[in-house]
1. Contour minus end-to-end for Glu197 and Arg299, with contour as 0.36 nm per residue of separation and end-to-end as the Cα-Cα distance?
2. Contact order normalised by length for region 7-117, with contacts defined as Cα pairs under 8 Å and 6 or more residues apart; what percent is it?
3. Along Cα→Cβ, 7 Å out, is where each label goes; now give me the distance between the ones at Leu287 and Arg333 in nm to one decimal.
4. Using 29 Å as the Cα-Cα cut-off, could you pick out the over-long pairs in Lys98/Lys193; Lys97/Lys193; Lys77/Lys246; Lys193/Lys248; Lys97/Lys239?
5. Order by neighbour count: Phe89, Phe215, Phe37, fewest other Cβ atoms within 10 Å first, most last.
6. Test of understanding: ordering Trp296, Trp58 by Cβ neighbours within 10 Å, fewest first, what list do you get?
7. What are the residues whose amide H is under 5 Å from the amide H of Gln120, where those residues sit 5 or more places off or on another chain and H is modelled from the backbone?
8. Quick one: Karplus J couplings for region 168-181, per residue in order, coefficients 6.51, -1.76, 1.60, θ = phi - 60°, nearest Hz, x for Gly and Pro?
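FYI, it's all coordinate maths here, none of it is from the lab. All values reported here derive from a predicted model rather than from experimental measurement. FYI the Cβ positions are ideal-geometry reconstructions off the backbone, even for glycines, and counts take in every protein chain you see.
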Amino acid sequence: MPAPKDPDHCVDTLDRLVRIVRADALAARQLAVRAAFVGALASTTPAIVRNPGEKHVWTPSELAALARATTARLRSKHELHCVVGTSDFSVNVSYQKKSLVYLRADTNPPLRVLTYASTQAPKELVLPHADDVVTDKKHRESTKHSARVVHGEYDWLPIRKEKKENTSVLERRACAALDDDDSPDESLPTQKKPAPEQLAVARASRLRQALVSEFGHHWHVVSDSYLNPVGAAPGKETKLLLVLEKQKVRYVAWQHAACPLSVLQSLGVVFGSTDGPSLTLARRTFLGVVAAYTMWYARMCDETSAEVGWHGKINAELASKGVLARAERPLTRQLCYAAPRLAPFALLALTAMGGNYALSMARRIAGARVTGAKRRGKRKAA
């Protein structure tokens with residue numbers, strides 16, 4: 001009887017099978033997404049961790065659970081979306097810079113994982129021209145839809161209960177957008193029929209534009225063959241969501257726009273979760289303030305008594321009469337009094353920021369070492 005495999009060894013083996021295909025996020029974020037996906041795969045589907053080469057038949061609900069488990073392990077000040085599929089699915093989305101990470105896991109079948117954060121909705125929405133709306137309405141009334149809404153199989157999606165009238169309008173508009181190429185203009189010259197992949201991408205783009213023009217920003221559309229299951233974990237504030245099918249292609253569309261950030265979120269302080277750029281800005285700003293405060297204290301304050309050194313330390317002009325002069329003297333005295341007492345707290349803050357910076361540098365070094373080891377292994381194999 002063969003000995004059971006070590007769980008840590010299995011996770012390490014799976015970790016070597018997961019690679020980053022495309023990303024514009026920072027190196028630390030890429031490593032975090034990669035580690036989150038490996039952990040999510042180990043918790044949701046332990047059979048694959050034990051034997052990555054064994055074939056597994058995925059369902060949309062299983063892929064959605066894997067996507068939700070991946071985003072649950074990531075901390076970010078923005079709501080994250082995650083899409084997991086068994087093939088090279090197509091996406092038509094708008095995402096924030098420095099948030100996109102696209103992974104591939106060489107399991108059987110291979111998995112593709114996409115994580116990103118959506119952008120904020122524009123203040124003004126440009127609606128289609130009135131003539132276009134009338135023409136489109138006539139076309140929708142005269143066209144028999146071949147696209148259909150898929151129910152049942154995608155009940156795991158976090159769709160919000162809307163009024164029946166609104167849901168029916170949304171479904172009719174989406175089907176009309178997908179069917180818009182069924183009645184080409186006869187006045188145009190006959191063109192070569194596009195490939196099915198190109199046609200699916202064009203329909204996804206048209207679907208997204210139609211939904212945006214009628215229901216507002218932002219819409220996210222994921223499409224792939226109905227033979228290739230796709231699971232998605234949209235952001236928590238997703239408003240509308242539907243799944244359609246046309247000519248053996250599935251289209252998953254949902255509406256979500258990022259909320260404006262508060263002051264604390266802009267600084268990266270959200271329940272202890274921060275990102276690289278915010279920490280870098282906060283660290284540099286804090287160091288600048290501390291340096292300026294230290295220079296001011298050395299010039300304006302008497303170090304022995306922590307009082308204002310008015311004999312030679314302050315220019316004689318500050319003692320002149322006026323509202324500003326009368327307010328500046330007590331304010332300076334208070335700042336000189338507080339500086340020595342705030343020094344220990346400033347030291348603790350600098351230590352915490354420096355420790356976070358050291359951890360981020362350690363993650364980068366570890367990632368570089370792993371990449372170097374892989375390259376050396378490939379060279380030896382060659």
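1. Values: separation 102, 0.36 × 102 = 36.72 nm, distance 7.07 nm.
Taking Glu197 through Arg299 to full extension adds about 29.7 nm, to one decimal.
2. Values: 166 pairs, mean separation 38.5, N = 111.
So the answer I get is 35 percent.
3. 3.6
4. On the way: Lys98/Lys193 38 Å; Lys97/Lys193 36 Å; Lys77/Lys246 37 Å; Lys193/Lys248 17 Å; Lys97/Lys239 23 Å.
Long pairs (Cα-Cα over 29 Å): Lys98/Lys193; Lys97/Lys193; Lys77/Lys246.
5. Details: Phe89 20, Phe215 17, Phe37 28.
Taking fewest neighbouring Cβ atoms as first place, the list is Phe215, Phe89, Phe37.
6. Details: Trp296 14, Trp58 20.
Fewest-to-most Cβ neighbours within 10 Å comes out as Trp296, Trp58.
7. Ala258
8. With the stated coefficients, region 168-181 comes to 5, 5, 4, 5, 5, 5, 5, 5, 5, 5, 6, 8, 5, 9 Hz.
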